[in-house]
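Presented below is the structure to which this report refers.
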Amino acid sequence: MLRLEGIEAGYGRCAVLRGLNLEVGKGETVALVGANGAGKTTVLRTISALIRPRAGRVLFDGKDISHLKPHEIVCRGLSHVPERRGIFANLTVYENLVVGGYTQRLTSKDFEEVYTLFPVLRERAKQSAGTLSGGEQQMLAISRALLSRPKLLLLDEPSLGLAPLVTKKIFETIQRISSQGTTVLLVEQNAHAALKISQRAYVLEVGEVRFAGSSKELQANDEIRRAYLGE
Amino acid sequence: MSAPSQNAGFLKQATITAVFIAVLWGVDQLLQIGLNPYYVRVVVNCGIAAILALSLNLINGCAGQFSLGHAGFMAVGAYVSATLTTVYPAGEFFQSPLGVGVAITIGGIVAALAGYLVGLPSLRLKGDYLAIVTLGFSEMIRVCFLNIPAVGGARGMNGIPVHSSFFWVYLWAALAWVFFWRLLRSGRGRAILALRDDETAAEAMGVEVSHFKVVSFSLSSAFAGIAGGLFAHYQGFIDPQSFDFSRSVLVVIMVVLGGMGSLSGAVLGAVVVTVLPESLRVFESYRLIIFPLVLILMMLLRPKGILGHREIWEFFPRRAK
Ligand SMILES: Nc1ncnc2c1ncn2[C@@H]1O[C@H](COP(=O)(O)OP(=O)(O)OP(=O)(O)O)[C@@H](O)[C@H]1O
Ligand SMILES: [Mg+2]
């Protein structure tokens with residue numbers, strides 16, 4: 001469904017990704033883990049065209065999307081939950097959701113769906129999003145992305161700054177979203193949890209894929225356990 | 001929604017509009033007989049200021065850009081419409097009240113085009129940098145008019161037919177209100193508001209950031225141009241000095257004072273900034289000190305503007321049923 005071929009990207013003169021190859025199959029949940037600064041966020045930003053690759057191609061559903069604009073990519077069914085959530089703090093929860101579904105014709109049924117996923121958002125619908133707790137903001141960010149009806153959902157550190165219990169709830173929801181047919185590419189620091197809910201994973205190290213394989217394999221790999229799972 | 005209820009809704013709206021226009025007209029007549037012309041002038045100036053503030057609010061308050069050039073767009077509207085009605089009056093038509101209305105509308109359209117041009121650099125610039133570009137642009141416009149003899153140069157234009165009145169100014173102000181109100185409650189409006197909070201996230205949600213920046217500049221300039229046209233045809237006289245930097249600053253003050261992003265705040269700011277200097281006339285030249293002092297005090301007391309991001313009625317919660 002998504003394939004990155006020889007992606008080179010960076011900021012200004014500083015190269016971050018150096019010939020990265022990555023693939024996500026339809027219906028899969030794929031985890032992308034790695035140390036701080038490895039370039040995980042940069043991968044997601046390249047996919048959703050927030051930055052342009054210097055070389056390489058991004059194929060989505062077999063078509064090259066690396067020349068498209070961000071909004072065109074959203075229209076094709078790719079939605080990005082940015083790192084630190086990027087919610088619109090001065091808009092209400094409801095308005096955030098409306099912007100999320102900007103490319104779609106939303107009906108009340110769409111809102112019902114995300115409210116069922118996260119009931120707390122229904123209670124807070126009229127509250128300005130900046131007043132939500134960190135966990136609620138993450139729920140909002142995920143719901144907002146879902147309203148563009150993505151085929152592929154890119155999640156950048158959904159557990160950032162959340163209490164263990166909330167993290168658990170978020171990961172359960174990600175599993176639920178995936179079981180309803182959405183493909184997920186999940187960037188996480190919390191490698192344990194990410195490997196648990198994903199089928200395959202990539203380990204990124206300074207802009208290159210260090211390991212790739214099924215999540216079970218990686219969980220069993222001694223080197224990875226030491227370097228990324230802190231054992 | 002079913003067809004009959006849609007019809008009923010339309011009828012209701014048409015009735016409200018008709019009643020509103022009738023009331024405006026009635027008040028206009030009363031003002032002409034009853035009220036001291038000086039007060040009428042202040043009231044009309046409030047209306048013009050309200051249109052300016054409502055329109056600037058879209059860029060500065062809602063889209064999160066910073067324009068310091070609103071007087072420039074106002075000047076475009078004023079000069080274009082006044083040229084049509086005074087310098088090259090295309091027959092009798094542009095002298096009539098209807099013709100003046102058409103001329104003012106054309107002025108608004110030309111101002112929108114100017115806004116489109118200024119909107120383009122805003123794609124790359126933000127904050128202070130954008131403010132400087134828009135300021136430079138509005139000064140450029142002013143200097144242009146200063147050097148075109150056909151529009152009077154530094155002497156300005158005299159003898160502009162006086163056809164805008166309380167009625168027309170407040171009709172346009174109401175139109176501006178309804179327009180921006182509906183815009184901000186539509187999907188597009190929310191997309192514009194999203195720009196202010198997080199441009200990157202808005203982009204990731206599929207909002208065409210550049211498109212919306214340029215569109216908000218054009219829409220906002222259109223209404224600034226209309227305010228300019230109304231101003232010209234109310235005063236009967238314009239000169240480049242009427243559209244200098246200090247007027248742009250005053251409009252920014254109205255928006256900031258009222259509360260960024262709040263429509264009722266913009267109107268409130270416009271009224272305060274227009275009426276306050278007038279009511280301070282008893283202090284004679286001291287008012288030039290008192291006016292800024294009052295503004296500073298207000299901002300200290302309510303740093304987010306009088307209303308903040310909210311609308312005025314949100315301060316009076318409806319009693320729970
Ligand atoms: N806007 C930017 N300008 C310049 N350099 C940047 C920018 N954003 C990121 N970088 C650099 O790119 C490299 C990779 O950053 P990236 O955000 O992709 O890492 P990450 O894997 O997501 O890290 P983390 O786990 O901490 O979020 C870092 O060295 C960072 O300093
Ligand atoms: Mg990151």
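Values quoted throughout were computed directly from the atomic coordinates according to the rules given, and no laboratory measurement underlies them. None of these values were measured; they are calculated from a predicted model. Here Cβ is always computed from backbone atoms with ideal geometry, including for glycine, and neighbour counts include all displayed protein chains.
In which sequence would A:R210, B:R155 go, from the one with the fewest C-beta neighbours within 10 Å to the one with the most?
Ordered from fewest to most neighbouring Cβ atoms within 10 Å, A:R210, B:R155 come out as B:R155, A:R210.
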Seminar exercise, completed: Mean-square fluctuation maximum in Gaussian network of chain A, Cα pairs under 10 Å, restricted to A:L32, A:L185, A:L68, hits A:L68
For this session: For chain B, give the magnitude of the charge dipole about the Cα centre (Cβ charges: +1 Lys/Arg, -1 Asp/Glu; no others), in debye to the nearest 20.
Result: 740 debye
For this session: Could you point to the residue in B:V214, B:C144, B:L120 farthest towards the positive end of the protein assembly as shown's charge dipole, with +1 and -1 charges on the Cβ of Lys/Arg and Asp/Glu respectively?
Result: B:V214
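What length, rounded to one decimal in nm, is gained on full extension from B:V162 through to B:F291, with 0.36 nm per residue of separation minus their alpha-carbon distance?
Here the segment from B:V162 to B:F291 would lengthen by 43.4 nm.
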Exercise. Over chain B, what is the relative contact order in whole percent, taking alpha-carbon pairs under 8 Å and six or more residues apart?
Worked result: 29 percent
Exercise. Taking the highest mean first, how do the peptides B:134-142, B:67-75 order by number of other beta carbon atoms within 10 angstrom per residue?
Worked result: B:67-75, B:134-142
Exercise. Going from the alpha-carbon gyration tensor of chain A, what semi-axes, largest first and in whole Å, does one get by taking the root of 5 times each eigenvalue?
Worked result: 28, 21, 16
Exercise. Looking only at other chains, what is the average number of their beta-carbon atoms within 10 angstrom of each beta-carbon in B:182-191?
Worked result: 3
Problem set entry | Taking N as its residue count, the alpha carbon Rg of region B:42-239 over 2.2 N^0.38 Å | 1.03
Problem set entry | Beta bridges by DSSP in the protein assembly as shown, antiparallel share as percent, to the nearest 5 | 55 percent
Exercise. What does the helix-only formula give at 222 nm for chain B: each DSSP H stretch with n ≥ 4 adding -39500 (n - 2.57), the total divided by the residues, and the result rounded to the nearest 500 deg cm²/dmol?
Worked result: -23000 deg cm²/dmol
Exercise. Roughly speaking, what is the centre-to-centre gap between region A:21-57 and region B:274-307 when only Cα atoms are used, to the nearest Å?
Worked result: 54 Å
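Between A:Y11 and A:R226, what is 0.36 nm times their sequence separation minus the Cα-Cα distance? Round to one decimal in nm.
74.3 nm
Suppose every K and R has +1 on its Cβ and every D and E has -1 on its Cβ; what is the size of the dipole of region B:279-321 about the Cα centre, in Debye to the nearest 20?
300 debye
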Problem set entry | Kirkwood hydrodynamic radius of the protein assembly as shown, from inverse mean 1/r over distinct Cα pairs, in Å | 26.3 Å
Exercise. Which residue fluctuates the most in chain B, going by a Gaussian network model with Cα springs under 10 Å, if the choices are B:T17, B:T86, B:T105?
Worked result: B:T17
Exercise. Expressed as a rounded percentage, what relative contact order does region B:91-171 have, with Cα pairs under 8 Å and six or more residues apart?
Worked result: 28 percent
Problem set entry | B:L120 versus B:Y39: modelled label distance in nm, points set 7 Å from Cα along the beta carbon direction | 5.0 nm
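Given R₀ = 25 Å, FRET efficiency for B:R185-B:W25 by Cβ-Cβ distance, to 0.05?
0.30
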Problem set entry | Two-site FRET efficiency, B:S279 against A:Q175, from Cβ-Cβ distance with R₀ of 60 Å, rounded to 0.05 | 0.40
Exercise. What does the charge dipole of the protein assembly as shown about its Cα centre add up to, to the nearest 20 debye, if the Cβ of each Lys and Arg holds +1 and the Cβ of each Asp and Glu holds -1?
Worked result: 700 debye
For this session: Using Cα centres only, tell me the gap between region A:126-151 and region B:225-253 in whole Å.
Result: 43 Å
For this session: Between B:S210 and A:R122, with labels modelled 7 Å along Cα→Cβ, what's the label distance in nm to one decimal, could you check?
Result: 4.2 nm
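Which whole number gives the average count of other chain Cβ atoms within 10 Å of the Cβ atoms across peptide A:84-93?
Neighbouring Cβ atoms belonging to other protein chains average 5 per residue here.
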For this session: Before rounding to the nearest 500, sum -39500 (n - 2.57) across all DSSP H runs of length at least 4 in chain A and divide by the residue total; then give [θ] at 222 nm in deg cm²/dmol.
Result: -10500 deg cm²/dmol
